[in-house]
Structures are given as C-alpha cells and as structure tokens.
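Worksheet: the structure to be examined is printed underneath.
Values quoted throughout were computed directly from the atomic coordinates according to the rules given, and no laboratory measurement underlies them. This is a predicted model, so every value here is computed, not measured. As a convention, Cβ positions derive from the backbone with ideal geometry for all residues, glycine included, and neighbour counts pool all protein chains shown.
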Amino acid sequence: MSGTNEQIDKLMQELRRGTITIGVLSQLEDPQYGYSLVSKLKNYGVDVEPGTLYPLLRRLEKQGLLDSKWDTNESRPRKYYLLSKTGKEVYEQLCVEWEHVVSSLDNLIKGTGGRGNGDD
C-alpha cells in the first residue's frame, strides 16, 4: 500500500507543479514579496514551500514576466515582485488556456469519457 501512496503523492505533486505558476502570477497584480506571497497563496488553499516559490519567482523574472524592486526602508530588505507588461499578457493567455483545460477535463471526467462509463 505504501508504494501506491508514494505513486499517488508523486502524481499529485506533478499536477500541482503545473498549476503553481498560474497561481503565483494571479497574485502579482500588486507588488508582493516572497513570504507575503506564500501567506497569500496559503489563504486560498495553495500551499507552496518557500524552496519552491523563490526559484520560480527568479525564473519568471528572468523570463521577463515579472519586474522586481528592492525595498530597503524596512529593517530587513525585501524584494518585491510585480507582473510586467509581458507577464500580464502571458497571464491572460494562461487563464484562457486554463479555462479550456478545465472544461475539457470536466467533460472527460463527468461526461462521455468519464470513469465508469463502460464505453471505449
């Protein structure tokens, strides 16, 4: 049974990994620093470890989807991230694709291609 649980855990991790990017982009209309973003996502039921989030933020910034700025006014400097113009465009396209994927998978799962259908 533990082998099955490990396999399920790995598949769940793969599924989540593909959705974290769109979740992160969805929260960067306003500037956020890493820890605030972790907390904000968690409030919506999306648990992201800092060790996953920070490399993702750096990668998205390198791809030109995010702008960043250091705030050194606090006792602890913080790097704030914000969607760039390109990031906004990409996010909008990802949302359209997300809706298409959700709709298609709902049709497969609940509709004619769903489990227990018996038709091949």
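Descriptive notes on the structure:
- Calculated [222 nm] ellipticity per residue, helices only, for the chain: -21000 deg cm²/dmol; basis is -39500 (n - 2.57) per DSSP H run with n ≥ 4, divided by all residues, nearest 500.
- When Rg and the Kirkwood radius Rh are both evaluated on Cα atoms of the chain, their ratio Rg/Rh stands at 1.09.
- Take the Cα of residue 97, go 7 Å toward its beta carbon, and the backbone nitrogen atoms of the range 19-33 under 14 Å from that spot belong to 19-23, 25.
- The residues neighbouring residue 8, those whose beta-carbon lies less than 13 Å from its own, together hold a net charge of -1 under the Lys/Arg +1, Asp/Glu -1 convention.
- Measuring r between the beta carbons of residue 35 and residue 6 and using R0 = 35 Å, the FRET efficiency lands at 0.70.
- Full-extension gain in nm, residue 104 to residue 61, via 0.36 nm per residue minus C-alpha separation: 12.4 nm
- Backbone amide hydrogens, once placed in the peptide plane, bring residue 66 within less than 5 Å of 61, 84, excluding anything fewer than 5 places away on its chain.
- Listed by chain and number, the lysines whose C-alpha is less than 26 Å from the C-alpha of residue 69, apart from same-chain residues fewer than 8 away, are 40, 42, 79, 85, 88.
- Kirkwood Rh in Å, taken over the range 1-59 so that all alpha-carbon pairs contribute: 12.4 Å
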